[in-house]
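Visitor: Below you'll find the structure I mean.
Readers should treat all values here as calculations from the given coordinates under stated rules, not as data from a laboratory. This structure is a prediction, so every number in the text was calculated from the model and none was measured. Cβ coordinates were reconstructed from backbone atoms using ideal geometry, including for glycine residues, and neighbour counts include every protein chain displayed.
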Amino acid sequence: MPAVAWPLIGGGLGLLLGSFIALVTARWPQGETILGRSRCDHCGAKLGALELVPLVSALVQRGRCRHCGQAISARHWQVELAAAAVGAALLWRYPSVDGVLLALAGWWLLALLILDAEHQWLPDALTLPLIPFALLLPGLPLEQRLWGAGLGFAGLWLVGFAYKRLRGRDGLGGGDPKLLAGLGALLGGWSLPFLISGAAGLGLALAGWDHFRERDVNATTRLPFGALLAGVALVLLWLGPDWLEMVR
């Protein structure tokens, strides 16, 4: 297959999966079923086949429901575009069947990023299966993935435990150590310092930006650390083993 075809495939699959990711990340935290037909958020009308085509329906209908005329949330096509970008970028970087598996990992991380950013929730149903999935991926030796998973979970769990003992309140969510275990299995143990420092740096930058915009930022302000970890992981996943060889 020509190399140029792979990112097109990744982008197309990303649009389709992005529509599903948008639906799941909107319904699941509210306790709604994720198996039913897509529907308008305002009038509840079920969407037809053409309305389910990613991006096309939003363009043809000018971002409005054809049943009630209310504006459709831009969140749907934004998630679809983000998933398309993840798929195209990873399959441009890795034009192969292995690249499809890495793209699947990328979409997995995107769903976790959205859930934590919007709801500060990292469900076990997504974080825990990421670990065995990552262990089965080609590329890194299994031992690097195993000690990455173990050290990722233990290290972040101990940080959260120590913070709670010292400050008397939770400093990390229960899903963060499980997510870092999955990221350690995905990227190897050597990635852990870069994941944590990168996420911490992004968190400080976001807090500084909020302070600049005169938002209320203080010592108890909660930041979605899992979303920050997933964002840094997406970058490292795209860079692949090359960055690791440079720093080891």
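Visitor: Between residue 96 and residue 119, what FRET efficiency comes out of the Förster formula 1/(1 + (r/R0)^6) with R0 = 45 Å and r the beta carbon distance, rounded to 0.05?
Guide: Numbers: r = 35 Å, r/R0 = 0.77.
Between residue 119 and residue 96 the formula returns 0.85.
Visitor: Determine, for 122, 187, the number of other Cβ atoms within 10 Å of each Cβ, and report the residues in order from fewest to most. List each step's numbers first, then the result.
Guide: Details: 122 26, 187 29.
Ranked by crowding around the Cβ, least crowded first: 122, 187.
Visitor: Moving on to the next point. Along the Cα→Cβ direction, 7 angstrom out, place labels at residue 32 and residue 146. What is the inter-label distance in nm?
Guide: Taking the two extended label points, one gets 4.4 nm.
Visitor: If each residue of separation counts as 0.36 nm, what is the full-extension length gain between residue 81 and residue 163 once their alpha-carbon separation is subtracted? All intermediate terms of the calculation are to be shown ahead of the outcome.
Guide: Working: separation 82, 0.36 × 82 = 29.52 nm, distance 3.78 nm.
Additional length available on full extension: 25.7 nm.
Visitor: Another question, if that's okay. Pull up all non-local amide H partners of residue 171: gap of 5 or more, or a different chain, and H-to-H distance under 5 Å with H placed in the peptide plane.
Guide: Excluding prolines and chain starts, which carry no amide H, the hits are 164.
Visitor: Here's something else I'd like to know. Using the Cβ atoms and a cut-off under 14 Å, what net charge is assigned to the surroundings of residue 179, where Lys and Arg are +1 and Asp and Glu are -1?
Guide: Values: positive: 178; negative: 116, 124, 176.
Summing Lys and Arg as +1 and Asp and Glu as -1 gives -2.
Visitor: Moving on. What distance in nm separates the two pseudo spin-label positions at residue 239 and residue 209, each 7 Å out from Cα along the beta-carbon direction?
Guide: Each label point lies 7 Å from its Cα, and together they span 2.0 nm.
Visitor: Could you calculate the contour length gain from residue 1 to residue 154, that is, 0.36 nm times the residue separation minus the distance between their Cα atoms, to one decimal place in nm?
Guide: On the way: separation 153, 0.36 × 153 = 55.08 nm, distance 4.28 nm.
Extra length from residue 1 to residue 154 when fully extended: 50.8 nm.
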